[in-house]
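What follows is one structure encoded as C-alpha cells, with my remarks underneath.
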Amino acid sequence: MSEEELRIGVYVCHCGGNISDYVDVKKVVEAIKGEPGVVVAKDVMFACSDSSQNEIINDVKEHNLNRVVVASCSPKLHELTFRETVKRAGLNPYLYYHANIREHVSWAHTDTREGATEKAIRHVRAAIAYVRNAKPLEPIRQKTMHAVLVIGGGIAGLRAALDLSRTGLNVYLVERSPFLGGRTPQLYRVYPDGRRGADIVKDLVSELIRRDNVAIYTNAEIKSFSGYIGNFEVEVEIKPRYIKVPYDEIKEKIKELPDEIPDEFNYGLTKRKVIYYPYEGAFPRIPVLDLDHCSDVETIKELLGDAVDLEQKPETVKLKVGAVIVATGFDPYEPKEGEFGYGRQGVVTLPQLHRLMDLGNGELKLNGREIRDVAFVYCVGSRQKKSSEEEEVNEYCSRYCCNAAMYISSLLMEQGIRTYHIFRDIRTYGRHERMYDEVSRKGGIFIKYNEDEPPEIEEEGDKLLLKVKDLLTAGEQLEIPVDLVVLVTGMVPRKTPELDELLRISRGRDRFYVEVHPKLRPVETAIGGIFIAGACQAPRDICETLSSASAAASKAATVTLRDVIELEPFKAEVDPNICDLSKKCIEICPYEAIEIKNYEGIGEKAWVNKAKCMGCGACVAVCPTEAIQLNGLTNEQIRAMIEAAGKEVII
Amino acid sequence: MSVKSWYERKYYGEIEDLPEEEYDVLVIGGGIAGIQAALDLGDMGFKVVLVEKEPSIGGFMYKLSKTFPTMDCASCIATPRMAQVFHHPMIDLLIYSEVEEIEKKGEGDFRVKVLEKPRFVDSSRCTGCGQCELACPVIVPHEYDWGLAGRKAVYIPFDTAVPRIAVVDLDHCIYCGQCERACPTEPPSIDFTQVPKIHHLKVGAIIIATGFHLFDARLKENYHFGEYPNVIHAMHMDRLLAPTRPYHAILRPSDGKEPNNIAYILCVGSRDKTVNNPNCSQICCMYSIKQAQLIMGALPLADVTIYYIDIRAFGKAFEEFYQQAKDMGIMLVKGRVAKIEQKENGDLIVWYEDIENGGKLCKAEHDLVVLSVGLLPNKEIANVFKGQKLEVDDVGWIKPVDENANPVETSIRGVFAAGTALGPKDIPDSVIEGGAAAMQCAAYLSEVRGRH
Ligand SMILES: Cc1cc2nc3c(=O)[nH]c(=O)nc-3n(C[C@H](O)[C@H](O)[C@H](O)COP(=O)(O)OP(=O)(O)OC[C@H]3O[C@@H](n4cnc5c(N)ncnc54)[C@H](O)[C@@H]3O)c2cc1C
Ligand SMILES: Cc1cc2nc3c(=O)[nH]c(=O)nc-3n(C[C@H](O)[C@H](O)[C@H](O)COP(=O)(O)OP(=O)(O)OC[C@H]3O[C@@H](n4cnc5c(N)ncnc54)[C@H](O)[C@@H]3O)c2cc1C
Ligand code: SF4
Ligand code: SF4
C-alpha cells in the first residue's frame, strides 16, 4: 500500500488521570498530528469505554480510516478490546497497534511530566510507524478437542471434572496420589455445615464415577505436555498399585501385616501398613502396595496370593485435550522444630487436631489422656515477616485457618473443653463471624499477641505452660497451663516443579500459581487454555475452592464446547523466493516447527508449520537472507518503529 | 423507584405487552458478577438475556476509584467488560428493566415477566451528546456521585455508561420541554409518549446477581451521619478519590477545606447485633485500607487513622497490602468508637475504647470521619418467584442449598446466584462466582435438555 493511501486514526487516552496526571496528553496529540498518514488525532478520557469505542468506529467510517492506533494502558489489558473495536468498524483487526503509555510511561515516570510526555510521543510515533507497515492478517483457525484434562483430584478437581462432564465434554482426571479427594478427607468436620470431609468427597466421587465420559487416573502423573489452546497433547504415566482387588476382599488379611510406616494421612500420628488404604470409603476401592517401603515382599505374596501382582508395570496413556485445569492444591505448613514449641509432647498442628478427633470419633484424647484445656495459637506459618531480603517466608494470610480453628473450638467447647485463643487478628470474615461470636459466647478466652513477641510454650509437669504478653490487657504477661497446644498452621502451595516446567505456568511471589489478572481473568494463566482452580492458586476454604473450580471449568468450557478456535496469526513465514536454504532456522526452532518443502516452480525451501510455530522469532534472528519473517512484527516494521522512536522530539 | 409505582402512575397510559422471546439463560443484575456470568455463557454458545434495573449496567464497581489489592482503576477494568457484554452477539440486554415475576413450569422452563421502564428517550436516535442535559433547568443530587455532585432531570447516567444515552427522571421533571427543543436529532430523541413495556421471556435457567446495598449509616445514631456534615461514608470517599471524581480534590463537606486528619471507623453496620447484622461485611477493612493509601497519595501531609476491631486482610495479596499501608504511615488503632461529637468549626471528636491500652476511653480530634459501612442484601428478588421459595438466610442473603457441594446453587433447581447476592465479597470473588454460576447453568441446561 503506498503512502498516500494510508489514513491513520490516533487516540491518546487520559485513563481518567492515570495517564494525563503525568503525560500532557494534548501535547502528545499535537506532536503527532502532522505525522504522514495521520488523518484523525484525538485525546479521549477512557478509550476503552463504549462511547469512545463508538467514536473510533464512527471516525473509521466517516474519515475512511484504514489504520488505528490507541495509546493507553498495557496491551495485556486492552489490546483485544480495541482489536474488536476495529473489527466492528469493518477493518482488519491487525491493522491496529496498541501503544502502552501508562505502565511504560506515566506510571514509570511520575517525577517528570516533560520527560514522560516526550517518551509518550516517541511511543506513539513508533506505533504509527508500525501500522504504516502493517498488513491485514487472518487468525489461524484450528479445530478444538472437545475434551478437558483436570490435574489434581481434590475437591477442586472433582468439582471441575463433574461440571464439565455434565455438559457432555470428555474429561480426564489425573491424580498423583493413589486416592482421590486431596486434603478434604483428612478433615474431621468442616465449617459451615459440620459435615465430615470424607463425606463431601464421597458425594462428589460417587456422582463422578457414574458418568461414562470421565476417565479417572489415580497414582498417575503428567509425563509430557505439548500443544496449544484447543489442541494439547498429554502423556500420563500411571504407576502400578500391585494390588488387584478391592479393599474389602483383603481387609482381614491386611490386618495381619505389621504397622510399619508413619501414616501420612494422619500426619504421622499413627503408623500404617505397606498395603495402604487410607480411610473407609476412599476411592478407588483398590489399595496400593507401597513397594518403596516394603521390606518383605515374599510374606505379602504368600498372604495375598492372586490379589497381588508384582509384575505390574507403569502404563502410559496419550490424551488429546482442548483445555487443562490445574488443581494441585496445598500442603499444610509444617512448623520448624521448636517453632511455637512444635516437637514437644502436646503441641500439635490444626491438621493433626482434625486427625486426632477423627481417630477418637470426635473425642479428643492425646496418648490416652483426657484433654481439658486447649490453646490455639493462630497465624503459625502465615503473615510472617521477612528478616532479610533473601529469606523465603509466607507473608500472606492463609484465610481458612481462623474460621477452621473457630469451628473446631466450638465443637470442643460442646464437650466441656476450655479453649484459649492466642491470636493476632481474628479473621472470621463474612458470616463466619457467627462462629467467632459463638466461641466468645461459650466462654472462649481471647488473647492478642504481638508478632514480635510470640508466645512461648514450655513443659510443666504433665501440662504445657503457655507464656504470652496480652495486648488486650495492656501487655499483661500471662501464664496459662493447658493440656494441648494447637498450632493453627497456614497453607503453602504444593510443590510441583516438574509439572510447572511442563506446563510453563508461573507462580507469584507467594509461590502460589498466579492468575493473569485477579479481577478480569481470575482463573486463567498466561498460557491460553490452561486454567487454575482451588487452593493451588491461593489459600481457600472448600466453598471458595468449589466456586473457583466451577469458574475454571466455565472457562475451559468456553474453549472446548466450540468446534473451532482462533489463534493469533503471529507466526513465522518463509518467502521461498528469498530463502537460500541455509537451514539455520530449522536448527534453532525450539518447537520443531520448520520443515523443508517443495514449492511449486521454486524447489525445496524452508516451510513453517503454523500450528506448531509459537511465534518466538528465534528463526528470524538467524536467517542470513531475512527470508523468514514474523507476521505482525516484520523486520521492516521493527526498523521503522526504531527510527520513528528515535526522531527528535520538540515539545 | 419501585416497580409497583410505575404501574400506579396512570399518565403512562397503556402498558405495552410484547410477544414472548426465548433465551437459554436469564441473568438478573448487570454488576460485575452478572456481566461475567453472561459473558462466559455467551462464549459457550448460550443465548443470554441480562436484565439491569438501573439506566446503565456496571453495578457498584464502575463507581469505585482504584481497587484493592492491585490498585488498578475500577473504570479501566469495568468499562471494557461492560462494552463487551453490550456487543456480544449471544447476549441481549434489557436495561432500566425489572423482573416482575418468575414462574417455573418445569425443569429448564421458566416464564419471566420483565418490566422495561420508559426512558423517555428514543435509544435508537439518542447519540449521547448531552445537549438536553445542558438545557434542563432542574438540578438534583446525582446517584453516581453519591449525592456529592448534581445532575439534571434529564441526564446521561455517567461518562462511561452502557448504553451512553440520556434518560428522563420523571420524578423531578417539570415538563418544561427544554430538553426536547435542545435535542439536535431529527426528530428529537426525547419522547414523552413512551410507555412501560412488559417483556415475556421463556428461559431455561436463571442467574441472580443482584448485588448488595450499603448499610444506612443514619441508623448508628451516635455517629451522627446525615447530621454532622463532616461525617461521610466510604462510598463518598471512593467517589472523591476516583479518576472521574466530582471536585478533582478531596474536600470536606462543611467548608470545602482539604482535610488533613482523617479517621476511618470500621465495622459500621457490621458485626453489630444492635442493627441486626451480626455478620462481618468482608470487604470494608480492605476498602478502607485502600482509600487510606490513596489519600496518602493525594494528600501527602494528611494523617489517616483507622479505628478497627480486627483487620481482615484475608484474601490473596491482602495481608501484603495491609502491611504496605502500615509502612506508609497509616495509623491503626484497635478500638471501638463509642461516639462522635462535633466542634464549632466542624471538626470532630472521636471517643473510642482503646482496646490495646486496657480498654480506656480515649478521644481524638479529626477533621473528617469516614464510616466504613457494611453491606446488606437486596431482598426484593426473593419476592418475584411465583409458587417457589427462594431460600435466604436470617440476614436476607441468598442461601445456597449445599454450600460444601455447590455454593452457587439456590433452593430452586435451575436458579443460581453469584457475587454479592450471596453475601458480601470483593470483585475477584464476585467474578469467580459469576463464572461458577455460568458453569452450573450450562451443566444444568445440558442435563435437562438431554444432551448428556
Ligand atoms: C486443618 C484444615 C482444616 C480445614 N477446615 C476447613 C473447613 O472447616 N471448611 C472448609 O471449607 N475448608 C477447610 N479447609 C480447607 C480445605 O481443606 C481446602 O479448601 C481444600 O482441601 C482445597 O481443595 P483443593 O482441591 O484445592 O486441594 P487439595 O485438597 O490439596 O487437593 C489437591 C489434589 O491434587 C493432587 N495433586 C497435587 N499435585 C499433583 C500433580 N502434580 N499431579 C496430579 N495430582 C496432583 C493432590 O494429590 C491432591 O489430591 C481446611 C484445611 C485444613 C488444612
Ligand atoms: C466503598 C466500596 C469500595 C469497594 N472497593 C473495592 C475494591 O477496592 N476492590 C474490590 O475488589 N471490591 C471493592 N468493593 C466491592 C465491590 O464493589 C463488589 O465486590 C462488587 O461490586 C460486587 O459486584 P456484584 O455484581 O456482585 O454486585 P453489584 O455491583 O451490586 O451489581 C448488582 C447489579 O444488579 C442490579 N440489580 C439489583 N437488583 C436488581 C433487580 N431486582 N433487577 C435487576 N437488576 C438489579 C444493580 O443495579 C447492579 O447493577 C467495594 C465496595 C464498596 C461499597
Ligand atoms: S486466617 Fe487467621 S490464623 Fe490464618 S493466617 Fe489469617 S489471620 Fe492468621
Ligand atoms: S471487613 Fe473489617 S470493617 Fe468490615 S465488618 Fe469485617 S471486620 Fe469490620
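Before moving on, here are some points about what is shown:
- Helix A:400-414 and the longest principal axis of the C-alpha atoms of chain A enclose an angle of approximately 20°.
- Neighbourhood charge, 12 Å Cβ-Cβ cut-off, centred on A:HIS354 and excluding it, Lys, Arg +1 and Asp, Glu -1: +3
- Here B:LYS273 and A:GLU636 are evaluated by their C-beta separation; at R0 = 56 Å the FRET efficiency comes out at 0.20.
- Put the Cα centre of region A:161-192 next to the Cα centre of region B:187-252 and the gap is 41 Å.
- Summed over both chains, the area buried between B and A is near 6400 Å², taken from the accessible surface of protein heavy atoms with a 1.4 Å probe.
- Whole-percent carbon and sulfur share, accessible surface of region A:247-307, 1.4 Å: 49
- Looking at the protein assembly as shown, the DSSP beta bridges with both ends there are about 50 percent antiparallel.
- Of interest is the spacing of the C-alpha centroids, which for region A:33-85 and region A:301-322 amounts to 60 Å.
- Using the Cβ-Cβ distance between B:ASP327 and A:ASN92 with R0 set to 41 Å, the FRET efficiency from 1/(1 + (r/R0)^6) comes to roughly 0.25.
- Of the solvent-accessible surface of region B:215-375, computed with a 1.4 Å probe over protein heavy atoms with every protein chain present, carbon and sulfur atoms account for 48 percent.
- Kirkwood hydrodynamic radius of region B:198-275, from inverse mean 1/r over distinct Cα pairs, in Å: 15.8
- Counting only protein heavy atoms and a probe of 1.4 Å, the accessible surface of region B:42-127 is 44% carbon and sulfur.
- Between region B:67-88 and region A:268-298, the alpha-carbon center distance in angstrom: 51
- Summed over the residues of the protein assembly as shown and divided among them, the accessible surface reaches 40 Å² per residue at a probe radius of 1.4 Å.
- Computed on region A:301-411, with alpha-carbon pairs under 8 angstrom and 6+ residues apart, the relative contact order is 14 percent.
- Restricting the calculation to Cα atoms, the protein assembly as shown yields a radius of gyration followed by a Dmax of 31.3, 100 Å.
- Over region A:322-418: Rg over Rh, Cα atoms, Kirkwood Rh: 1.05
- The relative contact order of region A:543-651 comes to 28 percent, based on Cα pairs under 8 Å that sit 6 or more residues apart.
- Per-residue 3J(HN,Hα) values for region B:218-225, derived from phi via the Karplus relation 6.51 cos²θ - 1.76 cosθ + 1.60 with θ = phi - 60°, read 5, 5, 8, 4, 5, 9, 6, 5 Hz in sequence order (x marks Gly and Pro).
- Ranking B:GLY130, B:VAL401, B:LEU368 by how far each Cα lies toward the positive end of the dipole of chain B (charges on Cβ) leaves B:LEU368 at the top.
- In the frame of its principal axes, region A:247-307 has Cα extents of 31, 25, 18 Å, reported largest first.
- A:MET614-A:LYS597 pseudo-label distance in nm [points 7 Å out on the Cα-to-Cβ vector]: 2.2
- Taken along the Cα-to-beta-carbon direction at a fixed 7 Å, the label points for B:LYS379 and A:ASN58 span 4.5 nm.
- Those residues of region A:539-559 for which accessible area with every protein chain present is at least 30 Å² below the isolated value (1.4 Å probe): A:CYS543, A:LEU546, A:SER547, A:SER550, A:ALA551, A:SER554, A:LYS555, A:THR558
- Computed on region B:144-289, the Cα convex hull volume stands at 215 Å³ per residue.
- Average silhouette area of chain A, convex hull of alpha-carbon atoms, in square nanometres: 37.1
- Once the Cα atoms are used to define both axes, helix A:155-166 deviates from the longest principal axis of chain A by about 60 degrees.
- Ordered by 1.4 Å accessible area with all protein chains kept, B:THR244, A:THR560 run largest first as B:THR244, A:THR560.
- Full-extension gain in nm, B:CYS176 to B:LEU361, via 0.36 nm per residue minus C-alpha separation: 60.9 nm
- Value of D in µm² per second that Stokes-Einstein yields for chain B, Kirkwood Rh from Cα pairs, at 4 °C (1.567 mPa s): 55
- With a Förster radius of 25 Å applied to the C-beta separation of A:ASP193 and B:HIS213, the computed FRET efficiency comes to 0.35.
- In region A:334-491, the alpha-carbon atoms span a convex hull of 114 Å³ per residue.
- Structural descriptor for region B:215-375: relative contact order 31 percent, calculated from alpha carbon pairs under 8 angstrom and at least 6 residues apart.
- Based on DSSP H segments of at least four residues, each scored -39500 (n - 2.57), chain A has a per-residue ellipticity at 222 nm of -8500 deg cm²/dmol.
- Pairs of Lys residues in region B:215-375 are counted when their Cα atoms are under 20 angstrom apart and they lie 8 or more places apart or on different chains; the count is 18.
- Degrees between helix B:74-87 axis and first principal axis of chain B (Cα, 0 to 90, nearest 10): 0
- Residue mean of other protein chain beta carbons inside 10 Å, B:69-81: 6
- Charged neighbours of B:ALA313, selected by a Cβ distance under 13 Å, balance to +2 (K, R count +1; D, E count -1).
- Taking the DSSP beta bridges with both ends in region B:252-351, the antiparallel portion is around 35 percent.
- Number of partner chain Cβ atoms within 10 Å, mean per residue of B:322-330: 1
- Distance in nm between pseudo-label sites at A:LEU465 and A:ARG210 (7 Å out along the Cβ direction from Cα): 6.0
- Distant-in-sequence amide H partners of A:PHE283 (H built 1.01 Å from N, under 5 Å): A:LEU180
- Debye log10 I(q)/I(0) at q = 0.16, 0.20, 0.22 Å⁻¹ for region A:86-225, Cα point scatterers: -0.82, -1.14, -1.29
- Partner lysines for A:LYS365 [C-alpha distance under 26 Å; skip if fewer than 8 residues away on the same chain]: A:LYS255, A:LYS271, A:LYS273, A:LYS336, A:LYS442, A:LYS463, A:LYS467
- Considering helices alone, the calculated mean residue ellipticity of chain B at 222 nm is -6500 deg cm²/dmol, with DSSP H runs of length four and up weighted by -39500 (n - 2.57) and normalised per residue.
- Violating pairs (Cα-Cα greater than 30 angstrom) within the set A:LYS571/B:LYS66; B:LYS152/B:LYS197; A:LYS385/A:LYS555; A:LYS33/A:LYS135: A:LYS571/B:LYS66; A:LYS385/A:LYS555
The values are calculated or read from the model by the stated rules, or taken from the named source; none is laboratory data. Just so it is clear, the model here is predicted, and its values are computed rather than measured. Because the Cβ atoms are built from the backbone with ideal geometry, glycine has one as well, and the counts that use them run over all protein chains shown. These area figures cover heavy atoms from the full protein model, side chains too; ligands, DNA and RNA do not enter into them. Shrake-Rupley method; radii C 1.70, N 1.55, O 1.52, S 1.80 Å.
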